[in-house]
Structures are given as structure tokens and as C-alpha cells.
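Asker: Take this structure first; my questions come after.
Taken together, the values in this text are just the output of simple stated rules run on the coordinates, not laboratory data. These numbers come from a predicted model, not from an experiment. In this analysis, Cβ positions are derived from the backbone assuming ideal geometry, glycine residues included, and neighbour counts consider all displayed protein chains.
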Amino acid sequence: MLKTCSPSSRVWSSLAIGLIALGAVAARAADKEAQNPAGEGDGIITVGPDYKIDPDLTDRGNPKGKSFVFSMPLAASKIFKGDDKTLDTARKPVRVERKITVYVPAAYKDGTKAPVLIIHDGPGPLSKVSNALDNLTISKDPNRSLPAFIAVAVENGGNDGKKSERGLEYDTMSDRLARFIHDEVLPAVLSNADIKAAYPGIAFTDNPWGRGVIGCSSGGAAALSMGWFRPDWFRRIIAYSGTFVAQQDDDAPEQAKYPHGAWDYHSELKLIENSEVKPLRIFTHVSEKDNHATDAEETFHNWPMAGLRTEAALKAKGYHHRFVFSQATGHCDKRVFDQTLANTLVWAWRGYHAD
């Protein structure tokens, strides 16, 4: 026999279902926020003028992971083939192929979906990142630990500045580099024969909070742009000595919308302040003696000014943001990495938990 419900019973039943649904939404929202917790570590930090390497960036004798190196021909790419019309290949040659260096930490368990850190200008700081993984993935201190992310260091396409392949990849204000990494590099890592032989079940997480990017100079600007234009793919951003200046190619199509390139993150266009807050966790840095403008015409190429203005824009908008100002140091100074990179990685990955 079917039991009928009174109207009041149906109301309470509907209300209960609604509350359950609301609770599920709240739980998802709380989980999302837990991936990017507020608080400790945000704000401005000044370091120097004396520097020393953080012990967690050195070999402390802990179990090591595996390293792999392979190449990707530029001509085989659908996104960065090395033949763009903006390039001046006669003066700034393009690489025939780019090296991809991958470090899988000892703490990674084959078959699980790993978080991933993209490193621009590979291998760059990969040796320090590898040591940090060796030391901090096994840390018992919850406030001083790292998830077992896989580090993928991607070599740029060659040369530097305007009219170069590296400049095209890193200084262009678009999602093109993010698409290249997401659509071409990461699948190439997962399909590499040597990597597959060592880790048959290797996989990357689809959770954008499990995907970070680090770079220095134009690589730093590129890190922010990857997250800015594709926060659905990359959300943890680390930019040292970021080139938040006007270094985009003058004849790039993006100039119509962003006439000063990455300078427009903080220019009179106020791209950061005039856009909705994106789900990003952002570290930036500038050195006291970073690349300076030499005269009035070089205003749009002043790294310290750009770094400070970017910091102010992110703060005004309410981003979870850490900014390091390093005294008595220059552009992409090794001493800054030696002292701060472990703390930067810990802060950048705070709150992450596996799927």
C-alpha cells in the first residue's frame, strides 16, 4: 500500500531535501576554499642584504625520485611551431627542438593523479625544486611540507625579448602558452616511453588547484598569464623578477587589447583591479637592483616599478598574495632563490589536498 503524505509533510520533506542540497553546495565551497586558505604567509616580506641557502633546498640524504629528459620538435607543435610572423629568425634564431625535464619524487605513488608544477626556462631551478620535494614531501610538520607534485621543466623556444620565440611564448598576453602546456606538453610527458615504463599508471590531476607554474623574468610574467587567462587549468603562480613590463611584440595581435603587454596588469587599464577576482594564489618578487629604466622613455621597462605596482594591484583586489622584496640583489638573483624558494613553494602549495 502506498502511503500518502500530508501537505505539511511534503513541505518538510522538500525543505529537508533543499537543506541537504544546500549543505552539499556549502561543503563543495568549503572544499574549494580549503585549496586556497587565507592567512599565514600572505603580505610583503623583505629579505637580505645577507643571504644563505635554505637547507631544504640541498641534498639531505633523503630518498630520491627519478629524472627523465626528452625533446619536443618545434615543427611538430600545433601551437608554437617557430614560424610566427612576429619573429625575426635571422637575428633571433628559433630552437629546432625543446628539452623537457621531468622529476617524479620518491613520494609519488604510481597510479595516483599527481599534482604538477610547470617550470619555465627549464631546467631552471629544477635541482632546488627536486631537493625541496625530497625533503618536504616526507616532512612531519604540516606547516612545512609539500605534496608529491611532479615537476615538469619546459625549455623555451629560443632567444629573448621582442621578435624572439621565447618572447612570443612568455610575453604575449593570451592563453596560448597555457594551451601549449596543457594540450601538448603534459600529454607528451604522460605518453613518454621511458616515463611510462617506470610509472605505468602515471597521471596528472585535473584539479586546477593541483597545477602550479613557476618562472623568472619573462617566465614569471608567463606564469601569471597562464593562471590569469586559464584559471580553469593553473592556479598556483610563482613569479620571480617578473617581467610585468611592455615587452610584448609590437606587431602582435594582442597589442590591440593590451597595448603595453604585461605592463597592463597594473597600467592605467588596471587589468587586475578592473577584472573579477580569479581563483589564483600568487607569489611575486622584485629585487632592489632589478632591471631599471634608464630614461623617461623606458618607463614601461622598469622592473622594480612594475613589481611594486603589481603587488599593490593584487593587494587592492584582495588576492591571496605573497610579495618578496630582496635587498642588494639583481635580476633573477640566485641568492634570492637559495634563501626563499623552499618557503615560497610551501606557501604556494598550502591548502592543497589530493582528489
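Asker: Which order, highest average first, do 132-142, 301-311, 221-231 follow once you tally other Cβ atoms within 10 Å for each residue and take the mean per peptide?
Answerer: Listed from highest to lowest mean packing, they are 221-231, 301-311, 132-142.
Asker: Another question about this same structure. Can you give the charge dipole size of the range 63-348 about its Cα centre, rounded to the nearest 20 debye, using +1 on the beta carbon of Lys and Arg and -1 on the beta carbon of Asp and Glu?
Answerer: Result for the range 63-348 is approximately 1060 debye, rounded to the nearest 20.
Asker: Under 15 Å from a point placed 7 Å out from the Cα of ALA328 along the Cα-to-Cβ direction: which residues of the range 39-57 have their backbone N that close?
Answerer: 47-53
Asker: I would also like to ask the following. Quick query: amide H of SER71 versus all other amide H atoms, modeled in the peptide plane; which residues come in under 5 Å with a sequence gap of 5 or more or a different chain?
Answerer: ILE100
Asker: Just to be sure I understand the rule: take each whole DSSP H helix in the chain, project its Cα atoms onto its long axis, keep it if the span is 20 Å or more and its mean Kyte-Doolittle hydropathy is at least -0.5. Which ones pass?
Answerer: Length and hydropathy pass: 7-34, 303-317.
Asker: Once the dipole of the chain is set up with Lys and Arg at +1 and Asp and Glu at -1 on Cβ about the Cα centre, which of ALA256, ALA188, LEU341 lies farthest towards its positive end?
Answerer: Value: ALA188.
Asker: For a 30 Å ceiling on Cα separation, which of these pairs sit above it: LYS99/LYS257; LYS113/LYS140; LYS66/LYS278; LYS113/LYS278; LYS113/LYS257?
Answerer: Listed pairs above 30 Å: LYS99/LYS257; LYS66/LYS278; LYS113/LYS257.
Asker: Working out 0.36 nm times the residue gap between ARG91 and ALA193, then minus their Cα-Cα distance, what length gain in nm do you get to one decimal?
Answerer: Between ARG91 and ALA193, full extension yields 33.1 nm more.
Asker: Amide H to amide H under 5 Å from ARG95: which residues, 5+ apart in sequence or cross-chain, H placed 1.01 Å off N in plane?
Answerer: For ARG95, the qualifying residues are GLY158.
Asker: I need the peptides 177-190, 115-128 ranked by packing, meaning the mean over residues of other C-beta atoms within 10 angstrom, with the highest value on top.
Answerer: 115-128, 177-190
Asker: Near GLY261, within a Cβ-to-Cβ distance under 10 Å, what is the net charge of the other residues, with Lys and Arg +1 and Asp and Glu -1?
Answerer: Taking every Cβ under 10 Å from that of GLY261, the sum is -4.
Asker: Please report the Cα spread of the range 277-355 along all three principal axes, rounded to whole Å, starting with the longest.
Answerer: Sorted largest first, the three principal extents are 50, 31, 17 Å.
Asker: For ASP121, what charge total do you get from the other residues with a beta carbon under 14 Å from its beta carbon, if Lys and Arg give +1 and Asp and Glu give -1?
Answerer: With Lys, Arg at +1 and Asp, Glu at -1, the neighbours total +1.
Asker: Would you indicate which of (1) 33, 58, 9; (2) 27, 57, 16, 0; (3) 29, 54, 13, 4, 0 is the value of P(r) over Cα pairs in 20 Å bins from 0, in percent derived from the coordinates of this structure?
Answerer: It is the value labelled (3).
Asker: Something else about it: Taking amide H positions as placed 1.01 Å from N in the peptide plane, with prolines and chain starts having none, which residues 5 or more places from ASP121, or on another chain, fall under 5 Å of its amide H?
Answerer: For ASP121, whose amide H was placed from the backbone, the distant partners under 5 Å are VAL154, ASN156.
Asker: R0 = 45 Å: FRET efficiency of SER139 with ALA316, Cβ-based, nearest 0.05?
Answerer: With a Förster radius of 45 Å, E is 0.85.
Asker: Still on this structure: Tally Lys/Arg at +1 and Asp/Glu at -1 over every other residue whose Cβ is under 11 Å from the Cβ of ILE79; what's the total?
Answerer: -1
Asker: If packing is taken as the mean number of other Cβ atoms within 10 Å per residue, what is the order of 212-220, 168-176, 90-98, highest first?
Answerer: Sorting 212-220, 168-176, 90-98 by mean packing, highest first, produces 212-220, 168-176, 90-98.
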